[in-house]
Structure formats: structure tokens, C-alpha cells
Amino acid sequence: VALIVGLLVGYLIARSRLRGRRSEQPQAVHQILLPFTGTSISRRAVDAALRLAQAEEATLMPAYLAAGPKQLPLECPIPAEAAKAMPMLEAIEQRATAQDVAVDARIERGRSLRHALERLLERESFDRVVVPATAEAGAGFSGDDLVWVLEKAPAEVLILRPGPEDSR
């Protein structure tokens, strides 16, 4: 009887240690956010986000961020911004589909680009955020916006600045 009890206790201890090890392993990545603005995006940033999503079997969420007119409610339609966003979102989705990556595209609006991103981060949960930085002044995310993302995003953040020969 003592031998059986000893074996049972040993088995239970070993099993609890294995459970503890499993919980220490990193959680699987489920959603990768790729926020962008304007009518172009760094090809390297898209490719990096697609490689991450494919390797981790995650869903890529490209999100076009639009700054809406301040005098209108946020829920007001913004057809001009949607017309700019759709070709980019479709191109990203086609590239993702060719690589067997799931896509969940969004258009998010706010009073500013940062406000739009903040609204998206509050409503959705992401495991990673891939932010395409830009070398052009006044286009895309500013240096302050990038610092804000690093401080506020509740996920891993990867900021990619395009090289001089990067085709957008």
C-alpha cells in the first residue's frame, strides 16, 4: 500500500510540474496588427508582417487609420478615406491569401491618426503590432507617434523603417 501511495504521489507531483512548465511557455500569437495611413505602405513592413503571421499561424489585421473631420461625429461615413484605403487593403489581402495567411482588414477612424490607433488598440486584442515607419516628413507616423505606440500598445511592437530602395 505504501508503495502504491508513493507512486501515486510521485505521479501527481511530476504531472503538476509538467503543467507548470507548459504555462511558462509563450502563448501562441493570434493577431498581428499592421496599421498604416495614406496610399502607400512599405513593402518590407508588409512582407515582415506576412512572414510573422505565416510562421506563427496568426491572423494579419491590416488597419487603415483615417483622421476624420473634427466637426463631424466619428460615426459619420468617410467615403473619400474609404476610397483611398480599399486598394491598399485589397493588395495586402491578395498577398496574404497567396501565402495562406488569414486576413481581417479594418478601417479605423479617429480625430487624429494616434486617436484612431488608440481606439483600435482599446477594442481589439493583438499579440504583435508591426508599425511601418516612414522616411518622409508629414506622411504616416511621426516620431512622437512611434514613441506613443511603444509606450501604450499592450503587445510586442516592431517598428520597421524602409530602406532607401524600398518600393512602396
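The values are calculated or read from the model by the stated rules, or taken from the named source; none is laboratory data. If you're wondering where the values come from, they're calculated on a predicted model, not measured in any experiment. A quick note on method: Cβ atoms are made from the backbone with ideal geometry, for glycine too, and the neighbour counts reach across all protein chains shown. For the accessible areas, the whole protein counts, side chains as well, though only heavy atoms, and no ligand, DNA or RNA atoms are used. Shrake-Rupley method; radii C 1.70, N 1.55, O 1.52, S 1.80 Å.
Couple of notes before you dig in:
- Solvent exposure of the range 26-121 as accessible area per residue, Å², 1.4 Å probe: 50
- By accessible area, using a 1.4 Å probe on protein heavy atoms only, the range 67-145 has 52% of its surface on carbon and sulfur.
- You can think of it this way: the chain between Gln54 and Lys152 has 32.7 nm of extra reach, that is 0.36 nm per residue less the Cα-Cα gap.
- The trypsin sites (Lys or Arg not before Pro) of the range 65-148 that DSSP puts in a loop, and whose beta carbon has at most 13 other beta carbons within 10 Å, are Lys70.
- Using the Cβ of Ala66 as centre and a radius below 14 Å, the other residues enclosed give a net charge of +3, where K and R count +1 and D and E count -1.
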